[in-house]
Structures are given as C-alpha cells and as structure tokens.
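Let me begin by presenting the structure, written as structure tokens, before commenting on it.
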Amino acid sequence: MSTNVRPAITERVMLNGKFLIGGTEGTGRIIFKNLSGENFQPGRPAFFQTHGQYLAQMQHELGCEFAEGDVITLHIAGQDQQETTLTAEQISGINSGAQAVCGGAQ
C-alpha cells in the first residue's frame, strides 16, 4: 500500500496579512521574490514576461487584486519574515502587461 504524504507547508506568502499562497521549502520564497519584483531586476535571468505581466497573471490565478501600498509578506517556519510593499510603478505595469497575459483585447 502506497502512502502519499504531502510535505508540510513551511512557507506562506501573505497579502495584507491574509494568506495568499503556501509552499514547501523554496517555493514560497520564489513566489515572494517574483511578486516583489526582485526576480525581475536587471542582471537576473531573463523572464518570458515583465513584472507587470506576472502580477496580472497572478491576480488571475490567485483570484486577488494587487494595489499600490499592498504589503506582501513571506513567512518561513522558524525564520524572520520578509516584507515588501507594492509601488505605483509596479501596479501600473499590471494594466500595461495584462493584455499580453490574457491573450489580447476583450
């Protein structure tokens, strides 16, 4: 008999203090760095989309809306939390990038 035990969620990404998404070792950290824009900085490996397009896609996937001033927090079991606040510039990229993610004008 096979036992399919799911790994425990050790990393949680919160949006304004509410649970957004969780993951196992490393996955929450990657999502946090993507949402904060850190993984979209010059010198990082090239992405197939802009930070604004990523935020637009994640809004759709997670059923949430990002706004200027939103606080995104990474909680890792047994470690200090990391926090970032979305800026107006980051949020403006959602609207300019949404069309490319959603496949064209509605």
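The values are calculated or read from the model by the stated rules, or taken from the named source; none is laboratory data. As the structure is a computational prediction, the values presented were derived from the model and not from experiment. Here Cβ is always computed from backbone atoms with ideal geometry, including for glycine, and neighbour counts include all displayed protein chains.
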Single residue of Gln49, Gln57 found to be over 11 Å from the mean Cα position of the chain (by Cα) and either among the polar types (S, T, N, Q) or under 18 Å from Asp70 (Cβ atoms) (or both): Gln49
Scan of region 1-30 for residues that are closer than 13 Å to Met58 by Cβ and either in a strand (DSSP E or B) or touching a residue at least 24 places away in the same chain (Cβ under 8 Å) (or both), ordered by number: Val13, Leu15, Leu20, Ile21
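Would you tally the residues in region 45-59 being assigned to a helix (DSSP H, G or I) and crowded, with 17+ Cβ neighbours inside 10 Å? Even if it seems obvious, please write down each step before you answer.
Filtering region 45-59 down to residues assigned to a helix (DSSP H, G or I) leaves 51-59.
If we keep only those that are crowded, with 17+ Cβ neighbours inside 10 Å as well, we get 51-58.
Within region 45-59, residues that are assigned to a helix (DSSP H, G or I) and crowded, with 17+ Cβ neighbours inside 10 Å number 8.
This table checks each residue for (1) in contact with a Ser or Thr (Cβ under 9 Å, 6 or more places away or on another chain); (2) in a helix (DSSP H, G or I); (3) modelled with pLDDT under 90.
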| position | (1), (2), (3) |
| --- | --- |
| Gly43 | no, no, yes |
| Gly69 | yes, no, no |
| Gln79 | no, no, yes |
| Ala100 | yes, yes, yes |
Hits in region 20-73 - residues which are over 17 Å from Glu89 (Cα atoms) and among the aromatic types (Phe, Trp, Tyr): Phe32, Phe47, Phe48
Pairs with Cβ under 7 Å, 6+ apart, first in region 37-56 and on the phi > 0 side of the Ramachandran plot, second in a helix (DSSP H, G or I) and not polar (S, T, N, Q): Gly37/His51
